[in-house]
Amino acid sequence: TRMLSGHSGANISAIPYYFGNKDGLYKAVVEHIVERIAVHTGSIRIELTELLARGSMTPRQALEALKKLLSVIARLMLESDEPKTWARIMVREQANPTHAFDIFYEGQIKPMQQILVRLISVCSGLNPKSDEIKIRSHAFFGQILSFLVARENIRRHLGVKKLSPRHIELIHQVILTNTENCLKPLA
C-alpha cells in the first residue's frame, strides 16, 4: 500500500477511506478490469447474444460469428497495451482464486464462455452441455490469452522488440485457421 500510495501520489489513508481496506481496493481494481474489458467486448457480446437468441443461425453464420468474436478479443489482447496491465492480476486469480475471481468469472469469463459454447455448438453440431464443447471453448480462448500472458516469449522467439502489424495479422490468421481446424470432429 505504501508503494501504491507513493506511485499514485495519494495519501495512504485514502485506501481505507475510499475502499475500506486492501481487499476493498483489490476488488475495485478487479471490477475496473472487468469494466474495461466490457468497453472493448461489450458490443460484440450484445450483437452475438441477440443473434443467438433468434435461433436461426446456420453453421456457416456461426463460424463467421465465432471468428468475429475471436478477432475482437485477439485485437484487444494483441494491439492494446492496456491488457498487459491486467495480466498479472488475471493470471494470479487463475492460479490462486480469491473472492475477486468471482468478479472476473461472472462479469466476463462466464458470459464469454456461454457465447463460445453456443457458437461452437451450432458450428459443430455438438451438444452445448457436453464436456467436449466446454473444453473446445476454453482452447479457443486460451490460444488468444497465450499471446497476452506470454507476449514476451513470442516477441523474443521472433527476435523483435515489438510485434509488427504483419506479425499481428499473421497471429490473427493462425488463430482463425486454428478455430476452423478445432471445429472438426475428434479422431
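The values are calculated or read from the model by the stated rules, or taken from the named source; none is laboratory data. None of these values were measured; they are calculated from a predicted model. Methodologically, a virtual Cβ is constructed for each residue, glycine included, from the backbone with ideal geometry; neighbour enumeration extends over all protein chains shown. The area values use the complete protein model at the heavy-atom level, side chains included, leaving out ligands, DNA and RNA. Shrake-Rupley method; radii C 1.70, N 1.55, O 1.52, S 1.80 Å.
The phi torsions of the range 132-145, fed into the Karplus equation with coefficients 6.51, -1.76 and 1.60 and a -60° offset, translate into couplings of 4, 5, 5, 5, 4, 4, 5, 5, 4, 5, x, 4, 7, 4 Hz, rounded to whole numbers, with Gly and Pro shown as x.
Using only Cα atoms, locate the centre of the range 1-63 and the centre of the range 133-151, then give the distance between them in Å, rounded to an integer. Spelled out, the Cα-based centre of one part sits 19 Å from the other. If you wrap the Cα atoms of the chain in a convex hull and average its projected area over all directions, you get 13.0 nm². Scalar couplings 3J(HN,Hα) for the range 94-103, obtained by applying the Karplus form with A = 6.51, B = -1.76, C = 1.60 to θ = phi - 60°, are 5, 6, 9, x, 10, 4, 6, 4, 4, 5 Hz; x denotes Gly and Pro. Length available on full extension from Leu186 to Phe19: 0.36 nm per residue minus the Cα-Cα distance, which gives 55.2 nm. Per residue, the range 62-187 exposes 57 Å² of solvent-accessible protein surface, assessed with a 1.4 angstrom probe and all protein chains in place.
Of Ile135, Ser13, Thr49, which is farthest on the positive side of the dipole of the chain, counting Cα position, with +1 on Lys and Arg Cβ, -1 on Asp and Glu Cβ, and the Cα centre as origin? Most positive-ward Cα: Ile135. In a fully extended conformation the segment linking Ser80 and Ala38 would gain 13.7 nm over its present Cα-Cα distance, using 0.36 nm per residue. Taking every C-alpha pair closer than 8 Å and separated by at least 6 residues, the mean separation divided by the residue count of the chain gives a relative contact order of 25 percent. Among the protein heavy atoms of the range 39-156, carbon and sulfur supply 55% of the accessible surface, probe 1.4 Å, non-protein parts ignored.
Between Tyr26 and Thr58, residue separation times 0.36 nm minus the direct Cα-Cα distance comes to 7.2 nm.
Cross-link reach is defined here as a Cα-Cα straight distance under 21 Å, omitting same-chain residues fewer than 8 places apart; for Lys161 the lysines meeting it are Lys84.
The calculated 222 nm mean residue ellipticity attributable to helices in the chain amounts to -25000 deg cm²/dmol, summing -39500 (n - 2.57) over DSSP H runs of n ≥ 4 and dividing by all residues. Taking a point 7 Å out from the Cα of Ala87 in the direction of its Cβ, the residues of the range 151-187 whose backbone N falls within less than 19 Å of it are 151-175.
Rounded, prolate or oblate for the range 69-112? Axes are the square roots of the Cα gyration tensor eigenvalues, ordered a ≥ b ≥ c, and the cut-off for rounded is a/c under 1.5. Oblate shape, in that a/c is at least 1.5 and b/c is the bigger or equal ratio.
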